[in-house]
Each structure stands twice: as structure tokens, then as C-alpha cells.
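Data block below; observations after.
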Amino acid sequence: MVVGTIIGASIFVQQSDVTSAVPSVTGVFAVWIVAGALTLAGALITAELAAAVPNSGGVYAFLRDAYSPAAGFLWAWAMFWSMHSGIIAALAVIFSRYVAFFVPLDDTGMRLVAVTAILGLSAVNYIGVAFGSGLQAVVTIAKVAAIVALLVVGFWLGADFPAHFVGAGAATADGVTVRGFAAAVGAGLFAFGGWHMVAYTAEETRDPERTLPRALIVGTIMVTVAYVALNALYLYILPLDRVAHSQRIAAEAADALVGSGGAALLAALVVGSTFGALCGIVLVGPRVYYALARDGLLFRWVGAVHPRFRTPHRAIVLQAVWSAVLVATGTYRALFTRVVYTEWIFFAAMAVGLLLMRRRPGYAPAYRVGGGAALPLLFAGAAAFVAVSQIAAAPVNSAVGLLIVLAGYPVYVLTRRRAS
């Protein structure tokens with residue numbers, strides 16, 4: 001689930017944001033290694049929190065226990081209305097666009113395919129977490145196998161390419177600035193999104209105190225290795241300036257390797273990759289809304305568990321309907337871009353919350369990150385930097401996004417009064 005949720009479409013589609021910000025082979029590798037290391041730091045923090053709070057809801061449960069139910073509610077509020085549902089909608093649209101490579105589709109047809117994918121995967125997860133996670137496992141294994149095959153074939157066929165394709169003369173870090181490197185790391189972190197989502201399913205995981213930390217650590221390392229290897233392949237086959245300006249880097253690399261048929265191979269890989277990521281993200285989201293309802297912060301009927309399938313079926317239906325609405329209206333773009341940066345504000349708060357929880361009596365999780373306060377503080381600082389960078393780049397959209405999140409607080413107050 002960790003691997004399948006993280007690896008979506010961005011690593012195959014657009015490397016230009018990273019490479020244009022750090023016009024250096026050495027710089028590109030450094031960016032992806034640093035982004036992977038920061039993601040691993042977040043995964044380690046999440047692993048300890050998951051061992052300490054093995055409840056459904058993941059980040060919601062962590063913020064609730066570290067600070068207050070209000071902090072958890074605002075995370076879940078942003079998740080449903082934009083962050084999580086927006087990711088589902090965006091992935092479904094990317095999936096449909098690459099399906100259109102094989103089946104001619106107009107704009108309406110692509111939206112229908114995207115909505116069908118959301119509803120279909122929601123139905124799969126409606127009838128059981130075992131079925132949904134089984135499908136996720138099969139798709140992820142196929143995705144990783146395809147990436148390994150691409151790497152093997154790419155380095156094998158690329159061995160006969162002219163020397164200039166390797167990016168000769170661009171192996172130094174000349175031209176890399178601190179500002180450019182920071183911007184590139186932020187872009188790289190976007191490709192690692194979703195690493196925390198496995199914690200949403202803690203109550204449906206066997207031995208979550210040990211299983212979740214192991215999954216987070218091993219899965220994050222696997223993705224980092226895959227990302228560094230794929231970037232090595234791109235730079236091995238194509239010159240650096242072409243990688244820096246390409247909007248479809250994997251397709252160009254595939255075309256360079258096998259000719260015009262490369263685009264079809266790449267399209268098939270993106271279809272499978274986005275479908276796998278979509279499967280995992282559709283599965284985990286309703287567990288947060290279920291936990292919210294169980295805690296009395298949402299209508300109780302949303303937290304109902306199906307008597308036969310043992311799934312939060314009403315939360316699954318709500319997520320499917322709203323995500324489909326975002327696809328049909330196209331509003332997911334504005335919502336997602338305005339609110340996605342707030343995720344990193346919550347991540348920073350989560351890391352600081354870990355330090356607060358460690359000071360409480362009786363705190364003894366089965367897994368604990370070493371190094372004292374250094375790792376949580378480092379990650380909190382990096383997460384805050386990412387959020388501030390996004391705000392500085394688009395202050396108006398960021399202000400609107402923050403207002404959307406804060407609009408949840410009056411709803412929280414009313415909900416608490418009603419519950420009382």
C-alpha cells in the first residue's frame with residue numbers, strides 16, 4: 001500500500017520542475033535523495049505515532065491526541081473537501097487521459113472514464129478491505145515489475161547511445177543555487193505524496209504497532225530507490241537540457257529507446273500506475289471520516305460499519321460522490337492547488353506533536369525513532385519551509401486555501417455543542 005500509493009504519475013510525466021531548478025546531474029540526484037530522506041523522516045515519525053496511537057484515522061488521530069479534537073477535525077475537513085478528494089479526482093483524470101491514448105475519447109468521455117474509475121474502485125472497497133487491499137497488492141506488484149523491466153531494458157539499450165546523451169559536461173554542481181535547490185526539493189516532495197496514508201487503516205491491520213512502522217520504512221526506501229534509478233535512466237538516455245524542458249520525460253525516454261512505440265508503452269505504464277495509486281487512496285480516506293464520526297465530530301450515521309462487509313460503507317459512498325462531483329465540474333483543480341500546501345502545515349504540527357506526546361506519562365510505543373528530538377524538529381522545519389515556500393509563490397491562492405481550512409472551525413464548534 002505504501003509503494004502503490006506513493007508512485008502515481010508524476011515520476012513518469014514531469015521532471016522539468018526539478019531539473020530546471022538544479023541544472024546539474026549531481027544536483028538532480030541530490031534533490032531526489034534529499035526528498036527521499038525527508039519523506040523517510042516523515043515516515044519514521046508517522047511510524048512511531050502509529051505504534052503509539054494504532055487507531056483508524058492516521059494523521060487525524062495523531063493531531064487529536066497530541067493537541068485537541070479541533071486540530072484533527074480541521075485535517076479531516078480539508079481532506080474531504082479538497083486535499084484527499086482532490087487527489088482522487090486528479091488521479092482519475094490523469095488515468096482517463098492516458099486511457100484515451102488507446103481509446104479515442106473527448107472531454108466528456110474522459111470525465112466519464114474518470115468517474116467510472118472512482119465509482120468502480122469505491123465499490124471494490126465497499127465489499128471488503130481484504131478485496132480492496134488484494135487488488136492494491138496485485139496492481140502494485142505489476143507496477144513495480146514494469147518499472148524494473150523499464151530500468152533493465154533502458155540501461156541495456158541505452159549503452160549504445162552517443163556520449164552526449166549521458167549529459168557529458170553537466171556532472172558538476174555548477175549553477176545550482178540554494179533557492180533553486182530548495183524549490184527543486186519541494187517539487188520532488190510532491191512526487192512522494194501519500195506516504196502517510198497507510199496509517200489510516202491501523203484498525204484493519206494485523207499487529208499495527210509493528211506492521212505499520214515496517215511498512216512505512218521499507219516502502220519509503222523502495223520508492224526512493226525507484227525514483228533515483230528512474231532519474232538516472234532519464235539522464236542516461238537524454239541530455240540534461242532536454243530533461244529540464246520536457247513535460248513528458250518518460251515518454252521521450254521510451255521513444256528514444258524503442259522508437260514511436262515507446263509512447264504506447266509509457267501510456268500503459270502510467271495507466272497502471274495511476275490506477276494502483278487511485279486504488280490505495282480510495283481505500284484509506286473513508287477510515288478518517290469513520291473515525292471522525294465515531295468520535296462524535298461528524299454525523300453518527302457516517303461512521304456506520306456494514307453488517308456483512310465490515311467496511312465504513314457510508315463514508316466510502318460520500319467520498320466517491322464528492323470526488324465524482326469534483327471530476328464532473330472540474331473544480332478539483334482550483335481546490336487542490338489552493339489547499340495542498342496546508343498539508344505540510346499539518347505535517348509540521350504532527351512532528352512537534354510527537355515531541356509533546358513523548359513527555360506524557362505512560363508513553364511507551366512498540367516502535368520509537370532514535371536520535372531524540374533531532375529528527376522531528378528537522379522534519380518540522382522542512383515541512384514548515386515547504387508550506388512557506390508555497391505561500392510565497394502564490395499568496396492569493398494560499399490565503400483562499402487557508403480560509404477554506406479555517407472555515408471548518410465554526411463547523412467544529414457547532415458539532416461539539418450539538419454533541420454536548
Apply the Karplus curve 6.51 cos²θ - 1.76 cosθ + 1.60, θ = phi - 60°, to the phi angles in the stretch 300-313 and return the couplings in whole Hz, x for Gly and Pro. 4, 5, 5, x, 5, 9, 4, x, 9, 8, 6, 10, x, 5
For the stretch 163-315, with equal point scatterers placed on the C-alpha atoms only and solvent neglected, what are the log10 I(q)/I(0) values from the Debye formula at q = 0.10, 0.11, 0.15 1/Å, to two decimals? -0.57, -0.66, -0.96
Quick one: net charge around A419, please, counting Lys, Arg +1 and Asp, Glu -1 for every other residue with C-beta under 10 Å from its C-beta. +3
Quick one: what Rg and Dmax do you get for the stretch 205-262 from the alpha carbons, in Å? 17.0, 49
For the stretch 280-396, taking Cα atoms only, what is the radius of gyration to one decimal and the Dmax to the nearest whole Å? 18.3, 50
Quick one: compute a quarter of the convex hull surface over the Cα atoms of the stretch 174-242 and quote it in nm². 6.4
For Y67, other-chain or 5+-apart residues with amide H closer than 5 Å (H placed, Pro excluded) are none
Place a label point 7 angstrom from the Cα of I221 along the Cα-to-Cβ direction, then list the residues of the stretch 1-44 whose backbone nitrogen is under 19 Å away. 1-7, 32-44
Cα long-axis angle, helix 249-258 against the chain (0 to 90 degrees, to the nearest 10): 40
Relative to the longest principal Cα axis of the chain, at what angle does helix 178-191 sit, 0 to 90 degrees, rounded to 10? 70
In whole Å, what are the extents of the stretch 5-75 along the principal axes defined by its C-alpha atoms, from largest to smallest? 45, 20, 19
In nm, to one decimal, how far is the A146 label point from the A334 one, both placed 7 Å along Cα→Cβ? 3.4
What is the P(r) of the stretch 45-118, as percent of Cα-Cα pairs per 5 Å bin from 0? 3, 16, 17, 13, 11, 10, 10, 10, 7, 3, 0
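Just the C-alpha atoms of the stretch 87-147: what Rg/Rh do they give, with Rh taken as the Kirkwood radius?
Checking Rg against Rh, the ratio lands at 1.03.
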In Å, what Rg and Dmax follow from the Cα atoms of the stretch 273-316? 11.6, 37
Candidates per chymotrypsin sites (Phe, Trp or Tyr not before Pro) in the stretch 79-128, loop by DSSP, up to 16 other Cβ within 10 Å: F101, F102
State log₁₀ I(q)/I(0) for the chain at q = 0.09, 0.10, 0.11, 0.13 Å⁻¹ as given by the Debye formula over alpha-carbon point scatterers of equal weight, solvent excluded. -0.54, -0.68, -0.83, -1.16
Taking Cα atoms, the helix 208-237 axis meets the longest principal axis of the chain at an angle in degrees (rounded to 10) of 20
For the stretch 55-67, just list the computed ³J(HN,Hα) in residue order, Karplus coefficients 6.51, -1.76 and 1.60, θ = phi - 60°, integers in Hz, with x standing in for Gly and Pro. 10, 4, x, x, 4, 4, 5, 5, 5, 4, 6, 6, 10
Compactness of the stretch 1-158 as Cα Rg over 2.2 N^0.38 Å, two decimals: 1.26
Using alpha carbon positions and the Kirkwood radius, the Rg to Rh ratio of the stretch 337-420 is 1.09
From the phi angles alone, apply the Karplus equation (6.51, -1.76, 1.60; θ = phi - 60°) to the stretch 87-101 and give each ³J(HN,Hα) in whole Hz, x where the residue is Gly or Pro. 5, 4, 4, 5, 5, 5, 5, 4, 4, 5, 5, 7, 4, 5, 5
Which of A30, A393, A226 fluctuates most in a GNM of the chain (C-alpha springs under 10 Å)? That residue is A393
In nm, spacing of pseudo-spin labels at L105 and A268 (7 Å Cα→C-beta vector): 1.8
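Every number in this text was worked out from the coordinates using simple rules, so none of it is lab data. What you see is a predicted model, and the numbers here were worked out from it, not measured in a lab. FYI the Cβ positions are ideal-geometry reconstructions off the backbone, even for glycines, and counts take in every protein chain you see.
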